Structure formats: C-alpha cells, structure tokens
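Take a look at the structure below.
The values are calculated or read from the model by the stated rules, or taken from the named source; none is laboratory data. Quick caveat, the model's predicted, so the values are computed rather than measured. Cβ coordinates were reconstructed from backbone atoms using ideal geometry, including for glycine residues, and neighbour counts include every protein chain displayed. Side chains are part of the model used for accessible areas, which takes the heavy atoms of the whole protein and leaves out ligands, DNA and RNA. Shrake-Rupley method; radii C 1.70, N 1.55, O 1.52, S 1.80 Å.
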Amino acid sequence: MAPPQTSAFFVFFFFLSTMAAPGLGGFVGVNYGRVANNLPPPAKVVELLKSRGISEVKLYDADPTVLSALSKSGIGVVVAIQNELLSEIAARPAFAMAWVKKNVAAWLPSTHIRAIAVGNEVFASPMAKTLTPALVQAMKNIHSALTALRLDHLVKVSSPIALTALQSSYPPSSGVFRPDLAVPVMKPMLELLNGTGSYLMVNAYPFFAYEANAGVISLDYALFRPNGGVVDGGTGRRYLSLLDAQLDAVGAAMTGLGFGDVDVVVSETGWPSKGDGTETGASVENAAAYNGNLARRVLAGDAGTPTRPGGAVGVYLFALFNENLKPGPGSERNYGLFFPDEASVYDVQFKLHGVATRRDQSAGASGGGSGGVSGGVGAASGGGGGEWCVADGRVGEERLQKALDYACGEGGADCGGIQPGAGCFAPNTVVAHASYAFNSYFQKMKRAAGSCFFGGAALVVSQEPRFGDCVLPTGD
C-alpha cells in the first residue's frame, strides 16, 4: 500500500502537539524482529501491541507493510537502516535523502516515526572494518536529509552500540571506549548526538555477563532482586543491579570523551527464556524476573543509575517474539515475550495502573495515601518535598516478607523500630514493617538510584507516609 503523503509544515505542528521523543522520559518498548517464518502478519502484531499497552516499538528495517500497519496506531516507532546500506549512504548524500523521503517523510504523521537507528552494532558486525569508518558520515548524511526536509527536530538519529565497544567496563568508573573507536568514531558520533539533541543507543545484556561468570556474579544482582550490591572501588558507589553498572561504564566512557551529558536509551536488553544446556541462567523464571523487574522499575520512575540518579531511562526489551530462524545458540531463538501464536511466554506489565510513581508525585499527585500503595499507608498532608521508600502491598505478603527479611538481614537496615514494644511495631502488618525497613535502607544509602526497589516490591514517594503514629524519617 502506498504511504500517505503530507507536508513538512503539517508534520511539524502535528508532532509538537502529540509526541514526546524517547530519551526525555522513562518508557518501556519492544524490539520487533522478524527473523522467523511463523509470525503473525503486521496488522495482527499491531493489535497485540495495543492490547498489551505497548506504546513504543523499534524495528530493524523500514518495511512498508509494517509501517502501514503502525499507521494511526499511536505507537512510537524507531526505524532502522540496515548495515549493508551504510557505505552507500555515507558516500552519496542523494541516496541518504532518497532513503529518508521514502522511509520516513512519506509516512509522517500517520506513522509516528520518532528516530532512525543507523545500522546496528556496527563495530561488532562481520563487516566492521569496512562499515565502521562510514558510520558517522552516514549518520550525518541522514541528519542533513532530515534537516533539509525540516524534520530534524522531530526525528532523531542514532546508532545502537554493543558493550563490546568498551575497552574496560569494570568497575563502572573505569569505563573507556576501545582505542580504535574512542577518538576516530565515538567522539565525532557523540559530538553529532550532542549537537542535534539526540541520544546514544546502547544494547546491554546482563545475561551475557552472568552466563560467562555465573560463579562470580550474583543472579539476584543480574535480575534486580534484593542483594548486597557491588561497590565501585573508584567512587565508593554501591551498585544494586548489573545493568546499572553496565550503563554507568558507558557513561564513564562518554565522560572521558567530554560528552557525559548525552542521554542514553537502552535500545536492546532482555533475558532468554530457554537456551542450550550450557547456557547458564536461561529460563522462563529468570526472563520473567529480569524483564518484569526492569519494566516495573522504569515505569515507576526509579530507573536512574548511581552516576545519574535523576535520569529517566528509556528501554526497548528484546524481543517481541521468539524468532525461529535466528542463528546461534538456543537462547537466540528464545528472547521473545510472546510465542508466534501471540500467547505470552511470561507476563510483563507495560503500564502501571494505580501505582504512585516518582513522576506522578512530583507532578502533585496527592490524597488517599501513597497512590496505589496499599496496606494501611496514609499520606500526611503538606509533605515537605522529601523522598521515602515504601512497600507496594500489591505484590503480596510473601514477596514483601522475603524483601523485609533481606532488608533487616543482609541489607543492613535498622529494624529496631519495628521490634515488639518499639515505637513503630504498630501497626503489626507486613506492609508497615516492610515500609519501615525499606525506607531505613533507602535513607542509609542516601536515596541512591536503585536503592528503593527490592525486587519490584518497593517504590519511591514524595508525600510523607504514616503508619498509625509511626512517621518514617527522610534522613535529612
């Protein structure tokens, strides 16, 4: 079907009124790959996305059938330029313009194309030696085409990099790019991203690090579950998740080149639900924990890292479907959130309903307690701008009790106030006691990013919570 035509002038005002670019706020989207012969048609896929509340999707091409199906869906789209086109786009500005006109401008505004991914993991591709020198020029030519069409403020240009672009990543503060990439490629790329208001796309997979070092890396640390964390000896910062450590390693490498303020979007991350016998950690349970906990954390507005505690992270989970034709180990064919028949491999929530998030609270949400936090928490009127960590009663008492036991034990929270006879023992409920313990740990950690999570059982609020006569301190 021919794409709808529209003027750049109309596109500009349409987008200003309806869209916010990824990277400016936390969101959870999916990567829609199609390396399979048994997937539903794009029209049905769009129905699936909408039914599950998935509002952002990243593609690996700009297939017109898919773009047509996404038209008028309200779903934000990242289209991609395949690696094999990079050399020609870099060498021929006219070819870049033709590509943008055909695959981006022609579809706006009905299809909400937000960004163009120029290549994918170019430095790790089989043709890296040929493509790497062409990458930044290809990005510049695509951006120039967007500028000529007056679309550059609406559609961002970036390129997903793999963590193999780093020479060093541990501890996070030692992160640096490989010498062959740092100055020749990454510095001009970051300069372009900074100058155009774009962001760096990063493909980050804690699964790979865990699978290769299962005897050293804690599974809880990889899956966002309660754990003692890992301290960066260079900064003293405590990391409670492996993904945070990976992202801060990238951030350190960017800072080393003078571009630490460029935003980062996690363009791919995920965990396989099945793998070969030698692929340690690949399971439905672990995949559900990783993707579910990450999504919950991002949507609750608590996805900053220790280096960027206030940052709102955009994440595209990999992948929408299990793809049966992908080469490599068994895990490669089992990253999907859904089977090809559209049944869920496991459940991931893409929207939080009725949960008080940091963003909601800062916007002035009030009344009736801490938003969707249940179990007897009351919000005092006129909270004075502090932050507290409280239990989310929706997760159930069993999960809360496990997180409470961790906080009062290995976590090192001060739980004296909830012992029998102490001032905050009443009300004697799991939610109240867990909130006291979680908040104790949160304040002890100086409200560091990620220190109010506890495997998805906690969230940050900015209205003072009360439990009977017990008031949780802010630590200030």
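The distance from the alpha carbon centre of segment 118-188 to that of segment 26-60 is 25 Å, rounded to a whole number. Every Cα-Cα pair of segment 245-290 was included, and the share exceeding 11 Å stands at 72 percent.
Each of [x] 27.7; [y] 23.3; [z] 25.5 is a candidate for Kirkwood radius over Cα pairs in Å; the one calculated from this structure is [y].
Mean sequence separation of contacting Cα pairs (under 8 Å, at least six apart), scaled by the length of segment 73-198, corresponds to a relative contact order of 27 percent. Remark on Ser159: its backbone amide H falls under 5 Å from those of Val118, Met201, a criterion applied only to residues 5 or more positions apart or on other chains, H modelled at 1.01 Å from N.
For the chain, carbon and sulfur atoms together expose 53% of the accessible surface, with a 1.4 angstrom probe and every protein chain in place.
Please list, by residue number, everything in segment 279-294 whose backbone N is under 20 Å from a paramagnetic label point 7 Å out along Cα→Cβ of Asn213. In segment 279-294, the label zone of Asn213 (backbone N under 20 Å from the point 7 Å along Cα→Cβ) covers 279-282, 290. DSSP assigns beta bridges within segment 57-186; of those with both partners inside it, close to 15 percent run antiparallel. Amide H to amide H distances under 5 Å link Gly314 with Gly23, Phe27, Val266, where only residues 5 or more positions off or on other chains count and H is placed in the peptide plane. Once the Cα-Cα distance is subtracted from the 0.36 nm per residue extended length, the Glu88 to Thr278 segment shows a gain of 64.3 nm.
Calculated accessible area for the chain comes out at 40 Å² per residue, all protein chains present (probe 1.4 Å; ligands, DNA, RNA ignored).
For the chain, the longest principal axis of the C-alpha atoms and the axis of helix 42-51 are separated by about 20°. A simple spin-label model places pseudo-atoms 7 Å from Cα toward Cβ; at Phe425 and Phe95 they are separated by 7.7 nm. Compute the angle between helix 187-196 and the longest alpha-carbon principal axis of the chain, please, reported from 0 to 90 degrees and rounded to the nearest 10. Approximately 80 degrees, to the nearest 10.
Could you sort Trp99, Trp271 by accessible area so the largest value comes first, with the probe set to 1.4 Å? Mind dumping the intermediate values first?
On the way: Trp99 25, Trp271 0 Å².
Ranked list, largest accessible area first: Trp99, Trp271.
Taking the DSSP beta bridges with both ends in the chain, the antiparallel portion is around 30 percent.
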